[in-house]
Amino acid sequence: MTKKTNWLATILIALGSLFILFPLYMTVSIALKNPEEMAASIFSLPTGLHFSNFKRAIEATNFFQALGNSFVITAVSVVFILLTNSLVSYAIARNMNRKFFKGLYLYFISAMFIPFQIIMLPVVKVTTDLGMNNIPGLILLYIVYGLPFNVFVYVGYIRSIPIELEEAATVDGTSTWGTFWRIIFPLLAPISATVVILSCLSTWNDFLLPLILLADPTQYTLPLVQYVFQGQFSTDYNLAFASYLLALLPMVIVYLFLQKWIISGITQGAVKA
């Protein structure tokens, strides 16, 4: 028996794909054109591959220094987010019957509903006074700001893990610390994959927090150095789009290599949570 085609769903998927692929096509096309080709037609394919745009973009943005900054900030932030947020969530999940931990959980969850713009100026003031308007300070803020959402997903997942596993480990003489790292943490792999992926993307692509926090131009991240094209290069769209494509490329490569774990982590995490 042949299945009927759901034309409405097919059309919606096609339109969604078009909305995603068209901006990507425009980015690649403009990055490979010269100003003359841009003037002739903005939508046409480039007649020649002008890779010199990428070379000029690298020089204009000090690309490799910004790439290194973004990599260090993202890698260190994600590692500490994974380790600290899971520990906090474990403590809350296994002590939810106590008022303090229940209140702490609700406190973290409530932070999800506070827009960053409301606390933006106080954060800048405090971090500047403490001398933390630099990369280490930025990493610390990413770890802290990741707590509300990560605690929310981790607690739900941990509470689905049978507590009998921990009781058996305790009988065998394993400490609470050992129980977490040897038993619970490995079981958190699916939801940890989700947390790592979302944290990696949000940290790598963040523009606002580095903009208001970083005072030293040598510490600028990749999204931040793109801001140079709002100034002296604002009319050189070929150079600007070449730079945007370079900034986009690392996350595309990460996704191509990790898409199997991305899909698996999100689906399993959704079921467990």
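The values are calculated or read from the model by the stated rules, or taken from the named source; none is laboratory data. Every value quoted in this text rests on a predicted model; they were computed, and no experiment measured them. So basically every Cβ, Gly included, is an ideal-geometry build from the backbone, and we count neighbours across all protein chains shown. These accessible areas exclude ligands, DNA and RNA; they are computed on the full protein's heavy atoms, side chains included. Shrake-Rupley method; radii C 1.70, N 1.55, O 1.52, S 1.80 Å.
Report, by residue number, each residue of the stretch 139-161 that is outside any helix (DSSP H, G or I) and either modelled with pLDDT of 90 or more or under 20 Å from the mean Cα position of the chain (by Cα) (or both).
Correct list: GLY146 only.
Just checking, does the stretch 26-36 include any residue being modelled with pLDDT of 85 or more, out of contact with any helix residue (DSSP H, G or I) (no Cβ under 7 Å at 6 or more places or on another chain) and in a helix (DSSP H, G or I)?
Yes, the conditions are met somewhere in the stretch 26-36.
Could you look through the stretch 39-89, keep only residues that are more than 24 Å from MET251 (Cβ to Cβ) and modelled with pLDDT of 90 or more, and pick out the one that is least open to solvent (accessible area, probe 1.4 Å)?
Among those residues, the one meeting the criterion is SER89.
Please find, within the stretch 246-269, the residue that is modelled with the lowest pLDDT out of those that are crowded, with 16+ Cβ neighbours inside 10 Å and of a type outside the set (A, V, I, L, M, F, W, C).
GLY269
THR128 - would you say it is over 23 Å from PRO223 (Cβ atoms), among the polar types (S, T, N, Q) and open to solvent by 40 Å² or more (accessible area, probe 1.4 Å)?
no
Do we have PHE152 as open to solvent by 50 Å² or more (accessible area, probe 1.4 Å), in contact (Cβ under 8 Å) with a residue 40 or more places away in the chain and either more than 29 Å from SER202 (Cα to Cα) or of a type outside the set (Lys, Arg) (or both) here?
Judged against the criteria, PHE152 is a match.
If ASN95 meets every condition in (1) surrounded by 13 or more Cβ atoms within 10 Å (Cβ to Cβ); (2) assigned to a helix (DSSP H, G or I) apart from one, which number is that one?
(2)
Within the stretch 105-125, work out how many residues are surrounded by 13 or more Cβ atoms within 10 Å (Cβ to Cβ) and farther than 26 Å from TYR220 by Cβ.
Going through the stretch 105-125 one residue at a time, the tally reaches 4.
Which residue pairs have Cβ atoms under 9 Å apart, sit 6 or more places apart or on different chains, and have a first residue in the stretch 46-63 that is within 16 Å of VAL225 (Cβ to Cβ) and a second that is outside any helix (DSSP H, G or I) and open to solvent by 100 Å² or more (accessible area, probe 1.4 Å)?
From residues that are within 16 Å of VAL225 (Cβ to Cβ), the pairs are ALA60/GLN232.
From the residues in the stretch 162-174 that are assigned to a loop (DSSP other than H, G, I, E, B) and modelled with pLDDT under 85, which one is least open to solvent (accessible area, probe 1.4 Å)?
THR174
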